[in-house]
1. Just wondering, is there one or more residues in region 152-174 that are in contact with a Leu (Cβ under 7 Å, 6 or more places away or on another chain), under 23 Å from SER85 (Cβ atoms) and crowded, with 19+ Cβ neighbours inside 10 Å?
2. Whether any residue in region 155-176 is aliphatic (A, V, I, L, M), at negative phi and over 21 Å from the mean Cα position of the chain (by Cα) is what I want to check.
3. Of all helices (runs of 4 or more DSSP H) completely enclosed by region 113-225, which ones contain at least 2 residues that are modelled with pLDDT under 95?
4. Only residues that are over 16 Å from SER169 (Cβ atoms) and of a type in the set (Gly, Ala, Ser): list them for region 139-151, please.
5. Kindly indicate the residue of region 66-86 that is more than 15 Å from the chain's Cα centre (by Cα) and among the small types (Gly, Ala, Ser) and also surrounded by the fewest Cβ atoms within 10 Å (Cβ to Cβ) among those meeting that condition.
Amino acid sequence: MKKYIKLMLLIIPLGGVVVMGFNNCARYGELENASTGSSSLASTSGGPSGGDSIDSQSLGIPFALLSAEQTLASMMKVTNLTTASAATLTEYTARYGSLAAGNDLNMANGPLMLGSTSLAGEVCNSLVAQESAAAAAARNFFGSINFAAGIASVDNASYALAIRGMARSFWGRNENASELAMLTAFKQEMSDALAAANRTAAASTRSLVVGTCAAMLSSLDALTY
């Protein structure tokens, strides 16, 4: 958790948007699921209903923030997961109050980014569980990763392929050179922090991939549209 929160905080500026304001300390409304028109995700949270949302696009601002309901729906869609796990729904309920009540960028703040990262971590846990159980050729994101070996087996080329797949799906674009360098540095830092024996343990590869996935899935490029 600490490692991908740290990486997420490094990635935030890469979204290209300077976000100011801390006016999302309390929820003041709910949006329905934008893609389905249902309020099933909102009802899971037990949050209040009704109220107005603020839409940056109507004010001529070129970016808008995903609401809480849209955040979960988007995370599920871009990772190709069809069903949210019990752990994901529990985390969503716990973090609902820190996620955006509407779409205005002024709602982005520290609690929102940390809450988004925690939620992304559970979504990525599900994604890695699904993909690691499949044959490499059948995976959508991590065909280049050997989940049976430790982080020492993950070379930069294999890692870059996984990053490319996630960037295209999560961000709608390829990663740029500085983003790739930052993520590659994260991999190296994580490996260096492990004892030699742990670098060959399969759990270290899973931790690397979940951490990278969560950081990318909770970055501003993934939380705005």
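1. Yes, region 152-174 contains at least one residue that is in contact with a Leu (Cβ under 7 Å, 6 or more places away or on another chain), under 23 Å from SER85 (Cβ atoms) and crowded, with 19+ Cβ neighbours inside 10 Å.
2. Residues of region 155-176 that are aliphatic (A, V, I, L, M), as a first pass: 157, 160-163, 166-167.
Now drop any that are not at negative phi, which leaves 157, 160-163, 166-167.
Cutting the leftovers down to over 21 Å from the mean Cα position of the chain (by Cα) gives us 157.
Checking region 155-176: at least one residue is aliphatic (A, V, I, L, M), at negative phi and over 21 Å from the mean Cα position of the chain (by Cα).
3. Numbers: elements: 156-166, 177-193, 202-217, 220-223.
Output list reads 220-223.
4. Just the residues of region 139-151 that are over 16 Å from SER169 (Cβ atoms), to begin with: 146-151.
Listed by number, the residues that qualify are ALA148, ALA149, GLY150.
5. Going through region 66-86, the residues more than 15 Å from the chain's Cα centre (by Cα) turn out to be 82-83, 85-86.
Cutting the leftovers down to among the small types (Gly, Ala, Ser) gives us 85-86.
Working: SER85: 15, ALA86: 8.
It comes out as ALA86.
The values are calculated or read from the model by the stated rules, or taken from the named source; none is laboratory data. These numbers come from a predicted model, not from an experiment. Backbone-built Cβ (ideal geometry, glycine too); neighbour counts: all protein chains shown.
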